[in-house]
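Written below as structure tokens is the structure these notes are about.
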Amino acid sequence: NDWEPNDYYGNATPIKFSQLMKGQFARNDDRDFYKFRVTKDSDVTVKIASSQISTIYFNIYNQNGDKIVDKTVYSNDAGNISTKLVYELEAGIYYMEFAKYYNYTGAYSFKVVCPVTLGSKNVTLSKSKYEYDGKVKSPSVIVKNNSGKRLVKGRDYDVYAQSGRRNVGIYKVKVVFKGNYKGSAVKTLTIIPARTTITGIASKSNGIKIAWKQRKAGNATGYIVYRSVNGGAYKAIKVIRSTRTTAFTDTGANSWWDTYSYKVVVYKNLGGKTYKSVGSNGKSIYRY
């Protein structure tokens, strides 16, 4: 409720945004003042309601005492006041005056809303990278305000996810803020090819042959074979541009008394971008 007396600037009741306030006009109380601060230029919404008063004088003054809003608020056809007023205000301190119309007494309520701009930093996805498995990916969307409080979907924001989210590629998830918040944010989730598995490795007279499981062409373009020698770093030694080719003989593995290790990565070329799977299980062989 308003703090009485609050009938001029000096004792105006301080209010917070989105806080429901209740006031009262009586025979000896014909006006109420409230004050609030706008931290940066914003659209400010004032929602006024009353089931007991049909008309209210409503004014807003800036911190210099200049009247910037001079309005009379009337009831609707049902005899109740229920109105929403929107004003573009610069940063600063403002005073609102609710004044009695003639001898009308009774209670009223109001709420001042100044939407806070949120963005990408306020949104996270529970998971942003997936391996292809034929299922639609729908990560949880976690949205928090600047104080770290988790917001409510439907009340504070809406989520619009790009259709598909099943095959290899990048998909957008858009969050649009509303209510006490404004702005939007776009997050992406990536689906990479399913990894393969090395099924065999053998030493041949001309090198080392490895084989792996085939992946379907719809979500794969081919394979990249990686090799490590004696525990060193893995390096790409062969790009295979077909999903049907599932074996490769490494003729460069021709040094005796060395250990050769292999991994295979599935890749997919799509829209000028290459998507790579997680590396397969590693397989090693000692050549002697």
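The values are calculated or read from the model by the stated rules, or taken from the named source; none is laboratory data. All figures in this text were calculated on a predicted structure; none of them were measured in a lab. All Cβ positions, even for glycine, are placed from backbone atoms using ideal geometry, and neighbour counts span all protein chains on display. Keep in mind that these areas ignore ligands, DNA and RNA; they rest on the heavy atoms of the full protein, side chains included. Shrake-Rupley method; radii C 1.70, N 1.55, O 1.52, S 1.80 Å.
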Could you list all residues from region 263-286 that are assigned to a strand (DSSP E or B) and farther than 15 Å from Gly200 by Cα? Val265, Val266, Tyr267, Lys268, Asn269, Leu270, Lys273, Thr274, Tyr275, Lys276
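So that you can scan it fast, the table gives a plain yes or no per residue for (1) closer than 26 Å to Val46 by Cα; (2) of a type outside the set (Gly, Ala, Ser); (3) free of Cβ contacts under 8 Å to residues at least 60 places away in the same chain; (4) touching an Asp or Glu at 6+ places or on another chain (Cβ under 7 Å):
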residue: Phe110; (1), (2), (3), (4): yes, yes, no, no
residue: Cys114; (1), (2), (3), (4): yes, yes, no, no
residue: Leu118; (1), (2), (3), (4): yes, yes, no, no
residue: Leu125; (1), (2), (3), (4): no, yes, no, no
residue: Tyr130; (1), (2), (3), (4): no, yes, no, no
residue: Asp133; (1), (2), (3), (4): no, yes, no, no
residue: Val136; (1), (2), (3), (4): no, yes, yes, no
residue: Lys144; (1), (2), (3), (4): yes, yes, yes, no
Sort out which residues of region 69-95 are more than 16 Å from Thr55 (Cβ to Cβ) and either open to solvent by 90 Å² or more (accessible area, probe 1.4 Å) or in contact with a helix residue (DSSP H, G or I) (Cβ under 8 Å, 6 or more places away or on another chain) (or both), and write them in order of number. Lys84, Glu88, Glu90, Tyr95
Here are the criteria: (1) part of a loop (DSSP other than H, G, I, E, B); (2) closer than 30 Å to Tyr260 by Cα. Tell me which single one Arg166 does not satisfy. (2)
Here are some residues: Thr196, Thr190, Thr124. Which one is in a strand (DSSP E or B) and in contact with a Phe, Trp or Tyr (Cβ under 8 Å, 6 or more places away or on another chain)? Thr190
Region 133-162, residues that are assigned to a loop (DSSP other than H, G, I, E, B), of a type in the set (Ser, Thr, Tyr) and either open to solvent by less than 70 Å² (accessible area, probe 1.4 Å) or at pLDDT below 95 (or both): Ser140, Ser147
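One line per residue, one yes/no per condition, for (1) among the aromatic types (Phe, Trp, Tyr); (2) touching a residue at least 24 places away in the same chain (Cβ under 8 Å); (3) out of contact with any strand residue (DSSP E or B) (no Cβ under 9 Å at 6 or more places or on another chain); (4) closer than 17 Å to Ser277 by Cβ:
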residue: Lys153; (1), (2), (3), (4): no, no, no, no
residue: Tyr160; (1), (2), (3), (4): yes, no, no, no
residue: Asn167; (1), (2), (3), (4): no, yes, no, yes
residue: Tyr171; (1), (2), (3), (4): yes, yes, no, no
residue: Tyr181; (1), (2), (3), (4): yes, yes, no, no
residue: Thr190; (1), (2), (3), (4): no, yes, no, yes
residue: Gln214; (1), (2), (3), (4): no, yes, yes, yes
Failed item, numbered, when Asn254 is tested on (1) open to solvent by less than 60 Å² (accessible area, probe 1.4 Å); (2) touching a residue at least 40 places away in the same chain (Cβ under 8 Å); (3) over 25 Å from Asp133 (Cβ atoms): (1)
Among the residues of region 219-228, is any surrounded by fewer than 15 Cβ atoms within 10 Å (Cβ to Cβ), part of a strand (DSSP E or B) and either basic (Lys, Arg) or in contact with a helix residue (DSSP H, G or I) (Cβ under 8 Å, 6 or more places away or on another chain) (or both)? no
Is it the case, given these coordinates, that Leu125 is hydrophobic (A, V, I, L, M, F, W, C) and either exposed (fewer than 13 other Cβ atoms within 10 Å of the Cβ) or more than 26 Å from Lys273 (Cβ to Cβ) (or both)? no
Take the residues in region 18-36 that are among the polar types (S, T, N, Q) and farther than 9 Å from Tyr108 by Cβ; name whichever of them is surrounded by the most Cβ atoms within 10 Å (Cβ to Cβ). Ser18
Checklist (1) out of contact with any helix residue (DSSP H, G or I) (no Cβ under 9 Å at 6 or more places or on another chain); (2) open to solvent by less than 50 Å² (accessible area, probe 1.4 Å); (3) more than 23 Å from Ser128 (Cβ to Cβ); (4) modelled with pLDDT of 95 or more applied to Arg287, failing item: (4)
Scope region 166-196; condition modelled with pLDDT of 95 or more and among the basic types (Lys, Arg); matching residues: Arg166, Lys172, Lys174, Lys187, Arg195
